[in-house]
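The values are calculated or read from the model by the stated rules, or taken from the named source; none is laboratory data. The structure presented is a predicted model; accordingly, all values stated were derived computationally and were not measured. As a convention, Cβ positions derive from the backbone with ideal geometry for all residues, glycine included, and neighbour counts pool all protein chains shown.
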Amino acid sequence: MKKKYQNIFFFVGLAILAVMLTQLDYHEVWAGISRAGYWFLAVVGIWFFLYVMNTAAWWIIINSQATPPTFSSRWPSFLWLYKVTVSGFALNYATPGGLLGGEPYKIMMLAPKLGTKQATASVILHTMTHIFSHFWFWLLSCVLYVCIEPLNVFMTIILSLVTLFCLTAIWFFLKGYKRGIAVSILHIVGHIPYAKRWAIRFMDNHAGQLSEIDHQIAALHNQNRFTFLTAVLLELSCRIISALEIYFCLLVILPSPSYLESILILAFTSLFANMLFFIPLQLGGREGGFLMSAGGLGLTASAGIFVALLVRLRELIWTAIGLLLIKLEK
């Protein structure tokens, strides 16, 4: 990637991070960290391993697309890919629209090593797999709620709507995996006011590249089923294991927290926060999700606020690390 673009990503992300830091109540932050003690280190540290799992899913996608002439000294190492993964997630956290920051960055970093078409296809595939695993996670969480929590009319309606939403999304993604999704997305964008003209012009100018990208996307699902399932299971496992950070927070304030309830809190919070994807760092949405999910499971509002604070601090720390890694060449 050219130094100019690298600096743009870095300084834009840094500016937004600085704004987010001004929104913190540092007296409350210090009180939360002091109360959590070494459990806060566990909350931050677990994401080192979760990012390893994210990188592994992307790594096997890239290697499944490789052709013999592609392998060379320029081929991305796992450690280099880990660096790009952490920076990509940091940009997604820091920029409005989420994927508007991290995914272009990853494509631009990977293009000199794999070529633009293969880099774009691998990033789209990994992003699809990451989002696809979220829908499975939310769907399985609905089943988990029915198994361990009492139902009422309101929750029955909510769970039914979420289940229908997840099943529809899973069907759409499976269709996209089989036939490719790049052209389909641009067709959808072509029906959005003010974006129609750009989408039509882009499809006309890049029809060949888009067709090749869709071919590579379909190849992973149709020809490399084991790779596809492995990548999805890695991402889904990452979602389930990430509930440990909520469990660690609850260990500080509750005598015997439930890991299964931690999964439900994470599922509801992430669903609510992703509905507010246009807000940088999902500011306010994640906190609101924690408060509502904690209250729905019979926990106190203070417990929800405490968990939300530690998770927000973890996000800020890893966002800062990811932005610094942008400037790290090796």
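Answer yes or no: is there a residue in region 112-132 that is small (Gly, Ala, Ser), farther than 29 Å from Leu167 by Cβ, touching a residue at least 12 places away in the same chain (Cβ under 8 Å) and part of a helix (DSSP H, G or I). Within region 112-132, one or more residues are small (Gly, Ala, Ser), farther than 29 Å from Leu167 by Cβ, touching a residue at least 12 places away in the same chain (Cβ under 8 Å) and part of a helix (DSSP H, G or I). Just to be sure before I move on: is Ile279 modelled with pLDDT under 75 and among the β-branched types (Val, Ile, Thr) in the structure I sent? Here the answer is yes, as Ile279 does meet what is asked.
The residue that is farthest from Ser133 (Cα to Cα), among those in region 146-175 that are free of Cβ contacts under 8 Å to residues at least 24 places away in the same chain and outside any helix (DSSP H, G or I), is Asn152.
Within region 166-213, restricting attention to residues that are among the aromatic types (Phe, Trp, Tyr) and on the phi < 0 side of the Ramachandran plot, which residue is modelled with the highest pLDDT? In this case the residue turns out to be Trp171.
Just to verify a result, which residue in region 244-265, among those that are surrounded by fewer than 21 Cβ atoms within 10 Å (Cβ to Cβ) and in a helix (DSSP H, G or I), is modelled with the lowest pLDDT? Across region 244-265, the extreme among qualifying residues is Ile253.
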